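Undergrad: Mind looking over this structure? Questions follow.
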Amino acid sequence: MTKAIRIHAHGGPEVMRWEDVPLPEPGPGEALVRHEAIGLNYIDIYFRTGLYKTPLPAILGMEGAGVIAALGEGVSSLAVGDRVAYATGPIGAYAQQRVIAADRLMKLPDGIDFRTAAAMMLQGMTAQYLLRRTYRVQPGDPILVHAAAGGVGLILCQWAKHLGATVIGVVSTEAKAELARANGAAHVLLSSADIPAEVKRITGGAMVPVVYDSVGKDTFMASLDCLAPLGMMVSYGSASGPVGAVDVGLLAAKGSLFLTRPSLATYTAKRRDLETCAGELFDVVLSGAVKIRVNQTFPLSEAAEAHRALEARRTTGSTVLLP
Ligand code: NDP
């Protein structure tokens, strides 16, 4: 047995229960990981509410860091005692220990501690594929980043600046604006502003070649209006609710735009892609170009409180749960 946060029904944070759950032996190709730290992510809320489907009961959580406690048959790339981290599912990370496919684990470099790893794997690999693959950011590009003081947001700001881009961040409060600026955003707009008009002013009318929009419903249409002709609309999250159906004719009317709804799962499905994505993240963190801001920690048993804080927009940067 192990202790875990499990849900038996979808709903608010009150459905999250701290309870004893069975712990299977690792089967062929699997590893038993003893968690030292667990990452909190917005996707955990989508699984809790039922926006993303999962059979019940379910242990929430996509991301963890810890030590290999046992290995199933046929795993030769890892050893008991190795320090590892992961973030690509399946869910089940809100537990003191878990079994997971060994080929989803990355060995941690010595310079990265468990809390940093649990904070950065999901949000940092997301920033990697968004900036390096979905739209390959070029030096000099002005780019628009929503929720710029959030977990993914602060990493996007720093990494994009490191690549030579000019980041225009959008946040909801002055305090978050300060934080985004301190983490590389050249310009920060409050979400209450007329965002397309401000982007027009900042870019001298050119608008931006890419928008990274994780807010969804509330920001989607304004984001389209921030793009230059042939620009790329990257709708990668739904913090304010799902975008829903889109009239593709709009993309022509607004300048032959591209629209994508990417997910980390697709970009890291192949082991080779996972290694490249995590490897580039390790490099920028170890070099100091990107600093992982663990601005909140909670005991794992109080994960419901962490969910309340994230949903109420009370967190900045990354949040870690401690088992
Ligand atoms: P954040 O730390 O960014 O928290 C969410 C932020 O969204 C809030 O702090 C808030 O910032 C902003 N927001 C805007 N409107 C709302 C609203 N109505 N309710 C709550 N928050 C709102 O979370 P994460 O870094 O964990 O994730 C950021 C986003 O990226 C999420 O939408 C997530 O689903 C998505 N994501 C997508 C991935 C993918 O591969 N597609 C992978 C990882 C994350 P403010 O107060 O400044 O507006």
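The values are calculated or read from the model by the stated rules, or taken from the named source; none is laboratory data. In this text the structure is predicted, and so the values were computed from the model without any measurement. Cβ sites come from the backbone with ideal geometry, for glycine too, and all protein chains shown count toward neighbours. Areas reflect the complete protein model, heavy atoms only, side chains present, ligands, DNA and RNA absent. Shrake-Rupley method; radii C 1.70, N 1.55, O 1.52, S 1.80 Å.
Undergrad: Hey, if you put +1 on the Cβ of every Lys and Arg and -1 on every Asp and Glu Cβ in the stretch 139-261, which of Gly140, Gly153, Gly249 ends up farthest toward the positive end of that dipole?
TA: Gly140
Undergrad: Under a 5 Å amide H to amide H cut-off, with H placed in plane at 1.01 Å, what residues pair with Val290 once short-range neighbours are removed?
TA: So Val290 has HN proximity to Val285.
Undergrad: Give me the one-decimal nm value for the distance between modelled label points at Asp20 and Thr266, 7 Å along each residue's Cα-to-Cβ direction.
TA: Each label point is offset 7 Å from its Cα along the Cβ direction, giving 4.4 nm.
Undergrad: Please report, in cubic angstrom per residue, the volume enclosed by the convex hull of the alpha-carbon atoms of the stretch 88-196.
TA: Cα-based convex hull of the stretch 88-196, divided per residue, equals 144 Å³.
Undergrad: Output the antiparallel fraction of DSSP beta bridges having both residues in the chain, as a percent to the nearest 5.
TA: Details: 30 of 53 bridges.
Within the chain, antiparallel bridges account for around 55 percent of the total.
Undergrad: Distance between Cα centroids, the stretch 251-323 to the stretch 71-124: provide it in whole Å.
TA: Their Cα centres are 16 Å away from one another.
Undergrad: While we're looking at this one, here's another question. Using the Cα gyration tensor of the stretch 210-295, with a ≥ b ≥ c the square roots of its eigenvalues, what is the shape: rounded (a/c below 1.5), prolate (a/b larger than b/c) or oblate (neither)?
TA: The shape class here is prolate.
Undergrad: Accessible area per residue for the stretch 148-249 in Å², computed with a 1.4 Å probe and the full protein assembly in place, what is it?
TA: Here the residues of the stretch 148-249 average 39 Å² of exposed surface.
Undergrad: Near Ala160, within a Cβ-to-Cβ distance under 12 Å, what is the net charge of the other residues, with Lys and Arg +1 and Asp and Glu -1?
TA: +2
Undergrad: Which ³J(HN,Hα) values in Hz, rounded to whole numbers, follow from the phi angles of the stretch 213-223 under the Karplus curve 6.51 cos²θ - 1.76 cosθ + 1.60, where θ = phi - 60° and Gly and Pro get x?
TA: Computed from phi, the couplings for the stretch 213-223 are 10, 9, 8, x, 3, 5, 10, 3, 5, 5, 4 Hz.
Undergrad: Classify the chain from the C-alpha gyration tensor, please: rounded if a/c falls under 1.5, else prolate or oblate depending on whether a/b exceeds b/c.
TA: It comes out prolate by the Cα gyration axes.
Undergrad: Within the stretch 1-107, list the trypsin sites (Lys or Arg not before Pro) lying in a DSSP loop whose Cβ has at most 12 other Cβ atoms in a 10 Å radius.
TA: Loop-located and lightly packed - Lys53.
Undergrad: Now a separate question. Is the stretch 120-182 best put as rounded, prolate or oblate by its Cα gyration tensor, with a ≥ b ≥ c the root eigenvalues, rounded for a/c under 1.5, and otherwise prolate when a/b is larger than b/c, oblate when not?
TA: Oblate is the answer for the stretch 120-182, as a/c is 1.5 or above yet b/c matches or exceeds a/b.
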